[in-house]
Amino acid sequence: QVQLVESGGGLVQPGGSLRLSCAASGIIFRINDMGWYRQAPGQQRELVAAMTSGGRINYSDSVKGRFTISRDNAKNTVYLQMNSLKPEDTAVYYCNANVVTIMSPSGVDYWGKGTLVSVSS
């Protein structure tokens, strides 16, 4: 089985920064896309940022210029550096990875359990 474990959430004041990490573990042949989604109370889950194994990146318009996604393929880990945080960034942030295993050669989406980011003064 594949597991994704997020870390790095917490409470921060507006204008502050946080760095989220997500490590994938298990019997992994390859990871295709890795990314971050978020879900605010009463809202649908939305894409924040995603990165292909080749380094192509997609950001939500709401975070462009403030958030930076990166990944370490050797460690099966994806990061999200969040700067200039705003109260509207408050949400549970979920890690997502499309993982290729021996049993799933075309890739299967896995999700972490989420980490809460609260931006408030």
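Assorted remarks:
- Within the option set 6, 46, being of a type in the set (Asp, Glu), at pLDDT 95 or above, surrounded by 14 or more Cβ atoms within 10 Å (Cβ to Cβ) and at negative phi holds for one residue only, 6.
- Being touching a residue at least 12 places away in the same chain (Cβ under 8 Å), exposed (fewer than 12 other Cβ atoms within 10 Å of the Cβ) and closer than 22 Å to residue 107 by Cβ is a condition met by at least one residue of the range 27-43.
- Screening the range 61-96 for residues that are assigned to a loop (DSSP other than H, G, I, E, B) and without any contact (Cβ under 8 Å) to a residue 60 or more places away in the chain and picking the one that is surrounded by the most Cβ atoms within 10 Å (Cβ to Cβ) gives 63.
- Annotation for the range 106-115: no member residue is in a strand (DSSP E or B), open to solvent by 20 Å² or more (accessible area, probe 1.4 Å) and within 18 Å of residue 55 (Cβ to Cβ).
- Any chance residue 102 is surrounded by fewer than 20 Cβ atoms within 10 Å (Cβ to Cβ) and farther than 20 Å from residue 3 by Cβ: no
- In the range 1-34, of all residues being in a loop (DSSP other than H, G, I, E, B) and of a type in the set (S, T, N, Q), the one that is nearest to the chain's Cα centre (by Cα) corresponds to 17.
- Candidates 101, 115 - the one that is under 10 Å from the mean Cα position of the chain (by Cα) and among the hydroxyl-bearing types (Ser, Thr, Tyr): 115
- Restricting the range 49-60 to residues that are of a type in the set (Gly, Ala, Ser) and modelled with pLDDT of 95 or more leaves a set whose member that is least open to solvent (accessible area, probe 1.4 Å) is 49.
- Failed criterion for residue 44 (all others in (1) touching a strand residue (DSSP E or B) at 6+ places or on another chain (Cβ under 9 Å); (2) part of a loop (DSSP other than H, G, I, E, B) hold): (1)
The values are calculated or read from the model by the stated rules, or taken from the named source; none is laboratory data. Remember, it's a predicted structure, so these values are computed and weren't measured experimentally. So basically every Cβ, Gly included, is an ideal-geometry build from the backbone, and we count neighbours across all protein chains shown. Accessible surface is based on the protein model in full, side chains and every heavy atom, while ligands, DNA and RNA are left aside. Shrake-Rupley method; radii C 1.70, N 1.55, O 1.52, S 1.80 Å.
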